[in-house]
Amino acid sequence: MEQTIEQKQNILDVWNKRPLIISGPCSAETEEQVIATATRLAATGKVDMLRAGIWKPRTRPGSFEGVGTKGLPWLQKAKALTGLPVCVEVATGKQVEDALHFGVDVLWIGARTTVNPFSVQDVADALRGADVPVLIKNPINPDLELWIGALERVGKAGIKNIGLIHRGFSSYGNTEYRNAPMWHLAIEMKRRYPDMLMINDPSHICGNRHMLQDVAQKAIDLDYDGLIIESHIDPDNAWSDAKQQITPEALGEMIGNILWRREDVASEEYHAALEKLRQQINHLDDELMQIIGQRMKVAEKIGTYKKENNITILQTNRWNSILERAFAKGEKLGLSKEFITKYFDAVHMESINHQNKIMNS
Ligand code: PEP
Ligand code: MN
């Protein structure tokens with residue numbers, strides 16, 4: 001079902017809207033569910049595009065794996081009723097063909113697909129010659145090269161409109177998040193591809209409902225272009241990702257609660273005040289570097305003594321006591337334990353490297 005030029009222009013108008021808000025169920029389950037979700041989302045007036053999984057990559061076999069191609073006409077119908085363009089996850093070339101055949105407007109590549117260059121290439125090959133925007137989720141592991149590799153494969157297939165979805169990174173064990181956001185990785189992608197659409201997926205980052213609003217706000221504060229959030233007419237009984245879905249009305253309320261901030265403002269006063277504070281930051285950063293440099297010189301001296309006395313570099317007791325002191329001081333200064341750990345790990349590793357050079361020279 002080829003789309004007309006006007007239809008394609010309409011999709012691009014939506015694609016270029018900021019903020020771009022995408023919502024819909026994790027999975028299309030029944031025709032009634034898809035239509036009811038779409039109608040209720042459209043009624044909130046807060047949603048620009050409808051999402052629904054048709055083929056679901058589940059971590060364990062036996063979970064619901066999606067209704068498959070028969071769900072695609074349901075999305076067509078939802079679009080005809082609401083005017084909302086639809087987007088669907090694709091993981092194979094065949095799924096790309098089916099989705100395009102049924103007039104899906106935007107495709108996304110899921111996190112479990114982005115990790116696999118064979119799969120991404122299969123999808124990219126099927127995309128060749130198609131004029132469809134594609135969103136690429138970050139890979140499940142924190143590897144920017146894989147994410148970039150997927151961008152390149154899709155770009156080489158001739159796709160002009162590519163966007164990124166930041167859905168967090170999985171780790172072993174229980175954490176606060178289902179997928180740790182590791183914001184710095186998404187920020188680095190934004191730095192490398194400043195003009196590329198970047199959307200945040202609070203649903204798969206949180207894995208629950210109560211943190212969605214905070215994560216969505218944080219993404220908007222970091223100047224993301226939009227959000228993709230799962231919604232369901234009966235969240236508790238959803239066939240997949242029940243814990244993180246919210247009703248269309250709750251979604252509308254959540255989007256309504258977000259504080260939208262400007263990236264810049266034309267006030268001279270604001271810029272002057274900001275410039276002053278940025279000078280202070282630069283000055284403090286310079287001082288910090290000086291001090292860290294001095295610290296390394298002291299570490300090198302210790303290295304020389306250790307070498308003369310044939311002592312190992314790592315002294316676990318000493319390292320523990322450094323950390324304990326730092327946690328106690330950090331707490332008083334309002335520095336998180338997480339930051340102190342990362343900071344001291346980095347400083348300590350740098351000291352070890354300096355001492356290593358001395359002891360083995
Ligand atoms: C989804 O969006 O429903 C999905 C499967 O997400 P992810 O690829 O981020 O796990
Ligand atoms: Mn999901």
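Key figures for this structure:
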read-out	value
Residue among ASN237, ASN138, ASN174 with the largest mean-square fluctuation in a Gaussian network model of the chain, springs linking Cα atoms under 10 Å	ASN174
Convex hull of Cα atoms in the chain, direction-averaged projection (nm²)	23.2
Neighbour count of at most 16 Cβ within 10 Å plus DSSP loop: longest chymotrypsin sites (Phe, Trp or Tyr not before Pro)-free window in the chain	65-171
Distance (nanometres) between label positions extended 7 Å along Cα→Cβ at LEU81 and ASN360	6.7
Extension reserve of the ILE292-MET349 stretch, reckoned as 0.36 nm per residue once the Cα distance is removed	19.3 nm
Of GLY252, GLY158, GLY303, the one that fluctuates the most in a GNM where the chain has Cα springs shorter than 10 Å	GLY303
Lysines with Cα under 17 Å of LYS94, excluding same-chain neighbours fewer than 8 positions away	LYS56, LYS70
Helical contribution to [θ] at 222 nm, DSSP H n ≥ 4, -39,500 (n - 2.57), averaged over the chain, rounded to 500	-17000 deg cm²/dmol
Simple label model, 7 Å out from Cα along Cβ direction - THR341 to LYS70, nm	4.8
Gain in span if fully extended, GLU152 to GLU308, counting 0.36 nm per residue against the direct Cα distance	50.9 nm
Cut-off under 5 Å, modelled amide H: who pairs with GLU89 long-range	ALA52, ILE54, TRP55, TRP108
Of SER119, SER23, SER351, the one that fluctuates the most in a GNM where the chain has Cα springs shorter than 10 Å	SER351
Counted charge near HIS283, where neighbours are those whose Cβ lies closer than 13 Å (Asp, Glu -1; Lys, Arg +1)	-2
Separation of the ASN10 and ILE281 label points, Cα + 7 Å toward Cβ, nm	4.3
Local net charge near PHE344, Cβ-Cβ under 15 Å (Lys/Arg +1, Asp/Glu -1)	+1
Quotient of C-alpha Rg and 2.2 N^0.38 Å, computed over the stretch 268-359	1.42
The stretch 26-68-the stretch 239-269 distance, computed between alpha-carbon centres (Å)	20
Two-decimal log10 I(q)/I(0) for the stretch 1-111, as the Debye equation yields it once each C-alpha is a single scatterer, q = 0.09, 0.19, 0.24 Å⁻¹	-0.22, -0.98, -1.48
Dipole in debye (nearest 20) - the chain, about Cα centre, beta carbon charges: Lys, Arg +1; Asp, Glu -1	1120
Intensity falloff of the stretch 169-293 expressed as log10 I(q)/I(0), Debye formula with alpha-carbon point scatterers, at q = 0.23 Å⁻¹	-1.30
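Each reported figure results from applying straightforward, stated rules to the coordinates on display, with no laboratory input. Every value quoted in this text rests on a predicted model; they were computed, and no experiment measured them. Positions of Cβ are backbone-derived with ideal geometry, glycine not excepted, and every protein chain shown enters the neighbour counts.
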